[in-house]
1. Counting only Cα atoms, I'd like the Rg/Rh figure for the stretch 49-176, Kirkwood definition for Rh.
2. State the dimensionless ratio Rg/Rh of the stretch 6-287 (Rg: radius of gyration of Cα atoms; Rh: Kirkwood radius).
3. Just the ratio, please: alpha-carbon radius of gyration of the stretch 9-113 over 2.2 N^0.38 Å, N its number of residues.
4. If you project the alpha carbons of the stretch 130-288 onto their three principal axes, what span does each projection cover, largest first, in Å?
5. One-quarter of the Cα convex hull surface for the stretch 194-288, in nm²?
6. Let me know the Kirkwood hydrodynamic radius for the stretch 1-65, please, with Cα pairs as the basis and the value in Å to one decimal.
7. Given contacts defined as C-alpha pairs under 8 Å and at least six residues apart, what's the relative contact order of the chain, whole-number percent?
8. Through the Karplus equation 6.51 cos²θ - 1.76 cosθ + 1.60, θ set to phi - 60°, convert the phi angles of the stretch 190-207 into ³J(HN,Hα) values in whole Hz; use x for Gly and Pro.
Amino acid sequence: MSVSKYADILKQATDLLSKQYKYDRSVEVKTTTADGVTFKGTGALGTKGFKANLEAKFKHGNVSLEKLNIGTDGKLVGELKLLGVAKGLDATFEATEGTADSSVDSAAVFGLNFGQDWGTVTASVDVINGPVVNADALLKYQGLLVGGAVKINTNLHGGAEDSKDAGLAVEDYGVAVGYDGADFRVAAQTANQLQKIKAGYYHQVSKATAVAAAVSYDSKAVSAQIGASYQLSADTTVQGLVGSCGTVAGVYQQAFNPNVTFTAVASVDTTDLASNKHQLGLKVAFSA
């Protein structure tokens, strides 16, 4: 397994336990032009109404437009990456803007991502808010992973009364430890100034089978999930999970051809079978 960023140390486990479990009725259409521009349009009908997004991606040389996204929520997000500024070093810029009635805070974040075989280091600054500085590092030695992260608000943009006594403020910090085996990763990560701990385990049992488990703990509750993914055939994949709250969920994904995929998701609350807490999601994805 390659060295992850600090924020992605639990990504494999959390993806298997959450990525496909979307309980809405949605359609996705993805196309790629001859010039390499990728457009993706999604529309989803959920409990809070209809939502739609249009996204574009493009790469030319060492300049990559990672994301240009606009949605019905009035939010516009753009992310640009300059690859290979130096060996292992990429520069990024991400901007977020919203309409007057979208309740979206504006942001302009400049960042640097540095990666080598021994680990990764990332740093970013939101020049509009704060400015707020985020920095993290994840180091690897013979499979052992150790990392830390910090978020600092400089409060330089506050009003005179707000900034007079505020000064620098450490808004969050955390640490992470883990271990990479040949086909598995186990890791634990803290958040909310060490008040929350999440641990995860991911194992690629075989080419067709993967299992994952995650436990989250804070002062209010403890929750756990365990799940698995199995590829029945080249065109069919099934997933399932069980949560400590009594939830049992499953995913069935069928690729009818290389361009059309159907996904069905269902969740049952086993603690109250007579309730209306059960959920169903359906998705059809087209690509060309």
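1. Checking Rg against Rh, the ratio lands at 1.04.
2. On the way: Rg = 21.2 Å, Rh = 21.7 Å.
Reported Rg/Rh (Cα atoms, Kirkwood Rh): 0.98.
3. This ratio for the stretch 9-113 stands at 1.25.
4. Cα extents, longest axis first: 61, 46, 41 Å.
5. Its Cα hull, projected and averaged over all orientations, spans 8.3 nm².
6. The Cα-based Kirkwood calculation yields 14.8 Å.
7. Worked out over the chain, it gives 14 percent.
8. Values per residue, Gly and Pro as x: 9, 8, 6, 6, 6, 7, 10, 10, 10, 10, x, 9, 10, 9, 7, 4, 8, 4 Hz.
Every number in this text was worked out from the coordinates using simple rules, so none of it is lab data. All of these numbers come straight from a predicted model, not from anything done at the bench.
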